[in-house]
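Structure, as structure tokens:
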Amino acid sequence: AYLPGELGEFEGKSSRRILKYLLGLYGTKINWSRIEELATFLKLPLDRQMNHLSKGNKQKIGVILALIPDVELLILDEPTSGLDPLITSEVYRLLSEKRADTSCTIFLSSHLLAEVEKVADRVGIIRNGNIAEVATLQDLKGLAMKRVDLLFDESVSEATLRSKIPEHIIEELTVSNTRAYLLVNRGNLNALLKILSDVQFTNIDITSPDLEEIFLKFYHNDPTSSQKEIVTMEES
């Protein structure tokens, strides 16, 4: 099953009639009690005409269309577009439940990287129409970069740190008062730590970057690239 980023217009048709028509194309019995349960939960007015619905409510029709059918593969293009953060969180929870209950594989395209990071098993990043990387979140974070946060007793200047750290060692360096934030390729981490052993700081914290930082790294050298990412939630 496929859910586009935006449903076509069904002028003069209610949410109920649209769902009945589109779900009827599967040729299986429609579980109306489940539809009404989801509509109530998502606060979708089933008997209101589509042209009188907000963008968010139109998107809820699509969400129900994605959740109801019993399919092996579900492809979703920006499924939470127009939804508020609370409903977005619930939609991802419902999708996770669907996957667990039916072993359905879900392909999800989204620019909401923070939300993607919560639900995806594997991530594929597309750059200029080609797949730049496909990996589990854990592997992608491990292969990409490490974030090094430094805390100093007093304010430190970016120029001072750059004078001590060769440019080829780090990807990014940001200084804010008594804190410095560095992004470093995993292969350069040991070299950076050796250099930092001669720097007077009070605390160091090394973490994996979040998905957004990883994504931006892939586009770092090509800011004109069309930014789009595909996320796959593999079957259990």
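The values are calculated or read from the model by the stated rules, or taken from the named source; none is laboratory data. Because the structure is predicted, anything quoted here is derived from the model rather than measured. Every residue, glycine as well, gets a Cβ built from its backbone with ideal geometry; the counts of neighbours run over all protein chains shown.
Details
- Neighbours by Cβ (under 6 Å, 6+ apart or cross-chain): first from segment 156-178, not assigned by TED's automatic domain parsing to the domain that holds Ser197; second buried (at least 19 other Cβ atoms within 10 Å of the Cβ): none
- Residue within segment 42-59 that is basic (Lys, Arg), within 18 Å of Glu11 (Cα to Cα) and out of contact with any Gly (no Cβ under 9 Å at 6 or more places or on another chain) present: yes
- Test for Arg93: is it crowded, with 18+ Cβ neighbours inside 10 Å, among the basic types (Lys, Arg) and either touching a helix residue (DSSP H, G or I) at 6+ places or on another chain (Cβ under 9 Å) or part of a helix (DSSP H, G or I) (or both): no
- Lys228, sole failed condition from (1) loosely packed, with under 13 Cβ neighbours inside 10 Å; (2) modelled with pLDDT under 85; (3) basic (Lys, Arg): (1)
- Subset of segment 1-56 that is outside any loop (DSSP other than H, G, I, E, B) and of a type in the set (D, E, K, R) - its residue that is surrounded by the most Cβ atoms within 10 Å (Cβ to Cβ): Arg16
- For Leu113, the test of being of a type in the set (A, V, I, L, M, F, W, C), under 28 Å from Gly129 (Cβ atoms), buried (at least 18 other Cβ atoms within 10 Å of the Cβ) and at pLDDT 90 or above is failed.
- Unique residue being acidic (Asp, Glu), over 25 Å from Leu7 (Cβ atoms) and either in contact with a His (Cβ under 7 Å, 6 or more places away or on another chain) or not assigned by TED's automatic domain parsing to the domain that holds Ile170 (or both) when the list is Asp70, Asp77, Asp84, Asp121: Asp121
- Condition broken by Pro69, with the remaining ones in (1) at pLDDT below 90; (2) farther than 17 Å from Lys118 by Cα; (3) not in a helix (DSSP H, G or I) satisfied: (1)
- Scanning segment 97-110 for residues that are outside any loop (DSSP other than H, G, I, E, B) and surrounded by fewer than 15 Cβ atoms within 10 Å (Cβ to Cβ) gives Glu97, Ala100, Asp101.
- Flag for Ile75 being modelled with pLDDT of 90 or more, surrounded by 15 or more Cβ atoms within 10 Å (Cβ to Cβ) and outside any helix (DSSP H, G or I): yes
- Flag: Glu115 does not match the condition of being of a type outside the set (Phe, Trp, Tyr), over 15 Å from the mean Cα position of the chain (by Cα) and over 18 Å from Leu22 (Cβ atoms).
- If you go through segment 152-169 and keep only what is at pLDDT below 90 and either under 22 Å from Asp139 (Cβ atoms) or among the charged types (D, E, K, R) (or both), you end up with just Glu167.
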